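Undergrad: For reference, the structure I am asking about is given below.
The values are calculated or read from the model by the stated rules, or taken from the named source; none is laboratory data. Predicted model, so just to flag it, every value in this text is computed and none were measured. Positions of Cβ are generated from backbone atoms using ideal geometry, with glycine treated the same way; all protein chains shown enter the neighbour counts.
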Amino acid sequence: MKAAAEGTGTGGWSSVRRDRVSTATQVLAAVLGVGYIAAGVVGAALDATGGDRSDLAFWLLFLVGGGALVLIGTFALGSPVLSAVCTSVGALAGAVAIFWSVVVPMLALALVVLSIFRARRAAAGGRTVSRA
């Protein structure tokens, strides 16, 4: 109990907060990234474009591309700045495609904020972003 009151050991509360931010970023990125890819594939497969197929490229580029950028930026890149940029661009691209849902753009903005916060913490500590 005393360790919890003192901030769980040597890292203190800042390391616990950093772990929470990193975990929250990774969970939200996984949900949005996989969700964007699934929405793009299902939308293309079920012809969600209204029959004229003119919006198919839009769906595939913004949703599947955005989902891939979110996943790559969060889990594959080690550079904090490049990771935040890639994750943010992907999150916003996917949100543009399904802006009408209201919830997804809010989650995308939360992911942008979390990824920037995570990158700033990693850059301040002179580290790469944690991947897992």
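Undergrad: Among what's in segment 74-114 and is assigned to a loop (DSSP other than H, G, I, E, B) and surrounded by 14 or more Cβ atoms within 10 Å (Cβ to Cβ), pick the residue that is modelled with the lowest pLDDT.
TA: Of the residues in segment 74-114, the ones assigned to a loop (DSSP other than H, G, I, E, B) are 76-79, 98, 102.
Keeping just the survivors that are surrounded by 14 or more Cβ atoms within 10 Å (Cβ to Cβ) gives 77, 79, 98.
Working: Leu77: 77, Ser79: 81, Ile98: 85.
The residue in question is Leu77.
Undergrad: What number of residues within segment 85-120 are without any contact (Cβ under 8 Å) to a residue 40 or more places away in the chain and within 24 Å of Arg20 (Cβ to Cβ)?
TA: So the answer is 13.
Undergrad: Within segment 15-65, work out how many residues are modelled with pLDDT of 85 or more and farther than 24 Å from Arg121 by Cα.
TA: Within segment 15-65, residues that are modelled with pLDDT of 85 or more and farther than 24 Å from Arg121 by Cα number 14.
Undergrad: Looking at (1) touching a helix residue (DSSP H, G or I) at 6+ places or on another chain (Cβ under 9 Å); (2) more than 24 Å from Gly40 (Cα to Cα), which is the only condition Leu61 fails?
TA: Going through (1) touching a helix residue (DSSP H, G or I) at 6+ places or on another chain (Cβ under 9 Å); (2) more than 24 Å from Gly40 (Cα to Cα) one by one, Leu61 breaks only (2).
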